[in-house]
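Take a look at the structure below.
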Amino acid sequence: MQSLNALEDRRKVVLIKSLRTKNRFYALVEPERGIRNADTVEDIPDDLILGIAYPCLEDGLNDFAVIRTTFETIDLFPENDPLRAEMMEIVKEARDNLVRRLQELRDKLAARKAFFLGTDYNEFKQHALRVMQHGYQRRMLDGMMKLNVFCSVAEAEGYTDPNELPYFYEPNPSTSIDVFQELPPEAFIVRLFDDVLESVLNDANYQNQYRFDRNVFQKFLTVMFVNYATTEPIFYGINRGDYGVSSEKEMDTTPLYMAIRRELLAIEERLRVAPEEEVQPIVVPSLDSGAPAPAKEMQVSLPGELVNEEVLMGPISSLCSAALLLRRKSDPETQRIARVILADAEKLVDELKRLGIISPLTNNPGHVNNV
């Protein structure tokens, strides 16, 4: 990999979305490649070094929200209602989206083609291990993520006051925490994504919302939580100067894009001078099961609040998924209603972005080929 003189480097920071996986990554791209900021491509080019910022992980919350909201809706219908089976199709589609997202993230990280921006990998590993071994208060996790997931799972398990009850990240049976602990930070993160993916792929986790929340959603939220806690705030994408991301707006001088450029250039330079073994794909050994570590009190300094829009975007995403299902019906009036729902949802999300209520980096679930 050639080192580029910063003054001669004509590449621009762009945020690219994959149509296949719906993942978004930051990259430095030459103007002649024709890829502009906020562009979509069928697949992310393999030759690019990609950056993952917190909003890129946040995109996955839409799929989780669709699954959770659909489970809540299914419970309103009798067991023999055929609509339940149709609603489960929404769950399946969102699950398939999650699989594609997580597989790409894991594979890009393992290939050393994608890197978390502004994240201290050593701290990431240590924070994640603490949640595995010592636990973290459910009330604090829910408060930071602005959700009611960790406490609601405990309540479903019979705990009357789960506020002080610790949550432990429980790896799948294929994983030993002891071996997990021995992995280098980069391999640790790859294996962590692999563990979440394994939970997403397990059919037993889709019997109801409780099982999904307990065995899948809590894990993904923990990864987001740890990533947020170990990443420089500039990469959160919440600075007012970063709002209004689009192909028309000049973003190069915004705080986020300037930080991303510096970070990507530093990653390229690090790869250029690194020993051969440090630029080869990461090979993560298979892990044997092991006994969980005993619970101890966890003390760790974390940001006071996580910023995400799941509370708002969850119902909107679920509504759009239902509209997409209706749009497949043969009845013209049903199709028309579905198009109206999608169009209005798209306008609503755009307005929330304009007002600064949600981040401009948030995916708009109403933005589809509304024909």
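What to note about this one:
- Residue satisfying condition, being in contact with a Pro (Cβ under 9 Å, 6 or more places away or on another chain) and touching a residue at least 24 places away in the same chain (Cβ under 8 Å), within set Leu325, Leu342, Leu352, Leu348: Leu342
- Checklist (1) modelled with pLDDT under 90; (2) farther than 21 Å from Leu98 by Cβ; (3) over 18 Å from the mean Cα position of the chain (by Cα) applied to Thr73, failing item: (2)
- Filtering the range 19-60 to residues that are at pLDDT below 95 and small (Gly, Ala, Ser) leaves Gly34, Ala38, Ala53, Gly60.
- In the range 67-119, the residue that is surrounded by the most Cβ atoms within 10 Å (Cβ to Cβ) out of those that are farther than 21 Å from Asn205 by Cα and among the polar types (S, T, N, Q) is Thr119.
- Residue in the range 240-261 that is farthest from Lys17 (Cα to Cα), counting only those that are modelled with pLDDT under 55 and of a type outside the set (D, E, K, R): Gly241
- Any pair with Cβ under 8 angstrom, 6 or more apart, that starts in the range 178-195 at a residue that is farther than 11 Å from Gln126 by Cα and ends at one that is in a helix (DSSP H, G or I) and of a type in the set (Asp, Glu): none
- Selection count, the range 118-135, where residues are assigned to a strand (DSSP E or B) and either modelled with pLDDT under 95 or in contact with a helix residue (DSSP H, G or I) (Cβ under 6 Å, 6 or more places away or on another chain) (or both): 0
- Residues that are in contact with a Pro (Cβ under 8 Å, 6 or more places away or on another chain) and under 17 Å from Leu57 (Cα atoms), drawn from the range 76-121: Ala110, Tyr121
- Gly143 vs. criteria of a type in the set (Gly, Ala, Ser), farther than 16 Å from Val223 by Cβ and surrounded by fewer than 17 Cβ atoms within 10 Å (Cβ to Cβ): no
The values are calculated or read from the model by the stated rules, or taken from the named source; none is laboratory data. Just so you know, these numbers come straight off a predicted model, no measurement behind them. Counting neighbours? That spans all protein chains shown, and the Cβs are built from the backbone with ideal geometry, glycine included.
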